[in-house]
């Protein structure tokens, strides 16, 4: 094997480990990426970036890649070992990335030879990937239908909820690696110019970074923080003012807490995870912002009353697949049902924290109605002290984001752009309620 290929072996092994962790161990990709003892720890910056890119490409096109591999297999693979992940990451490099075929094949075979369970199948890895490389032009048309990369349960739900055309548009948006969105403390237009980005009509700055985010101008100075533009909208709906007492429930990782603190409000950030709250506090310190942090279950927290409460509830996160492609393969329909029950309890608790005349904003990064529209309809039916406070198109940043009921609903296929990577945003739902005085 030649030296350049050998040098890339560690990155391929790391990518395979990341994919295998998602598919067979149910481990979220972000958790593995952030693990100080994880597969990326020993890699230099270049190899870390390559491993991330391979894993991301594999998970974004997982359904199509599985179909392509299956064409050259006589029987299904045993999912318990690393063999499938080796083949998937190898095929992704051949079909989706600018990697020389021989490099992708050789390093996949080397991985198989280095794995006790996969070693007997090294010749199979070689044959399958060489066939894929040889028949690339025949296989690529199979990748054109983006819905092939959506799990069946989720695809059915989307067609039922949004219709086939919109479901296809959502799937297509999720295939594209997104740009970086940041929320700026002040002078967003100036920072857009300084960073070579675009100022979105939502107020966020969007750019395609070259290199580590931490090396961008303004990061160490605390001028901005990373936050998808859709995720920045719920906190804005609170319209918090200096001196307002505001509770941010399920607050970590803290982007919304930072927005509220930057408004001058007196913020109490509540989360059940002490480690996540410590990370939130570290982020606030970098930004030069402050908030009280409380480790508690938001469903049983006793505090307030508050002028405003933001509940960004735990959810299936099916609106975030464009940024977190592993979500599609980690979640199931039972998660939607289970989390909807959690959300209902949290909403009842959040409502009790709002003082008369105060505001409650509920949000989720889910595309599932049970976690959005249906939750608010059920809450209003059981709590007569609350009423809708409709969201305006101006507040949302785009008329397309506002429903007939005056609620916020963004889809990954929104925000079109001539450059595909600069298009789209996470799928979010938010409703603003007022407690009657």
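Suppose a student asked you for the relative contact order of the chain, using Cα pairs under 8 Å spaced at least 6 residues apart; what percent would you report?
For the chain, the relative contact order is 13 percent.
As a footprinting exposure proxy, order 67, 428 by other Cβ within 10 Å, with the fewest listed first.
67, 428
For the pair residue 398 and residue 67, how long in nm is the line joining their label points, each one 7 Å along Cα→Cβ?
2.8
Which whole-angstrom value gives the distance between the alpha carbon centres of segment 402-437 and segment 93-141?
Their Cα centres are 41 Å away from one another.
For residue 297 and residue 220, what is the calculated FRET efficiency with R₀ set at 30 Å and r taken between the beta-carbons, to the nearest 0.05?
Plugging the Cβ-Cβ distance into 1/(1 + (r/R0)^6) gives 0.30.
Tell me, rounded to the nearest percent, the portion of alpha carbon pairs in segment 114-187 spaced more than 19 Å apart.
When every Cα pair of segment 114-187 is considered, 63 percent fall beyond 19 Å.
Using only alpha-carbon positions, what ratio does the radius of gyration of the chain give when scaled by 2.2 N^0.38 Å?
Taking the Cα Rg and dividing by 2.2 N^0.38 Å, one obtains 1.04.
Could you put 157, 66, 409 in order, starting from the residue whose Cβ has the fewest other Cβ atoms within 10 Å?
Least to most surrounded, the residues fall as 66, 157, 409.
Could you calculate, for segment 228-435, the ratio of the Cα radius of gyration to the Kirkwood radius, expressed as Rg to Rh?
0.94
From the P(r) of segment 125-243, can you give the percent of Cα pairs sitting at distances over 24 Å?
Tail of P(r) above 24 Å: 54 percent of Cα pairs.
Which of the three applies to segment 171-235, rounded, prolate or oblate, going by the alpha-carbon gyration tensor with a ≥ b ≥ c and a/c under 1.5 meaning rounded?
oblate
At residue 286 and residue 378, where each label point lies 7 Å from the Cα along Cα→Cβ, what is the point-to-point distance in nanometres?
Going from the residue 286 label point to the residue 378 one covers 3.7 nm.
Which order do 132, 170, 86 fall in if you start with the one that has the fewest other Cβ atoms within 10 Å?
With the sparsest Cβ surroundings first, the list reads 132, 170, 86.
Compute the normalised compactness of segment 1-72: alpha-carbon radius of gyration over 2.2 N^0.38 Å, N being the residue count.
So the Cα radius of gyration is 1.16 times the expected 2.2 N^0.38 Å.
Between residue 153 and residue 101, what is the label-to-label distance in nm when each label sits 7 Å out along the Cα-to-Cβ direction?
3.9
Taking every pair of Cα atoms in segment 1-153, average 1/r, invert it to obtain the Kirkwood radius, and report Rg/Rh to two decimals.
Here the Rg-to-Rh quotient is 0.94.
Relative contact order, percent, of segment 228-435 when contacts are C-alpha pairs under 8 Å separated by at least 6 residues?
Worked out over segment 228-435, it gives 22 percent.
Which residue, 415, 154, 73, has the most motion in a Gaussian network model of the chain that connects Cα atoms within less than 10 Å?
Ranking 415, 154, 73 by mean-square fluctuation puts 73 first.
Given the rule -39500 (n - 2.57) for each run of at least 4 DSSP H residues, summed and divided by the residues of the chain, what is its mean residue ellipticity at 222 nm, to the nearest 500 deg cm²/dmol?
Only helices count here, giving -13000 deg cm²/dmol.
Read-outs throughout are calculated quantities, based only on the coordinates presented, and are distinct from any laboratory measurement. Predicted model only: the values in this text are computed from it and were never measured. Cβ sites come from the backbone with ideal geometry, for glycine too, and all protein chains shown count toward neighbours.
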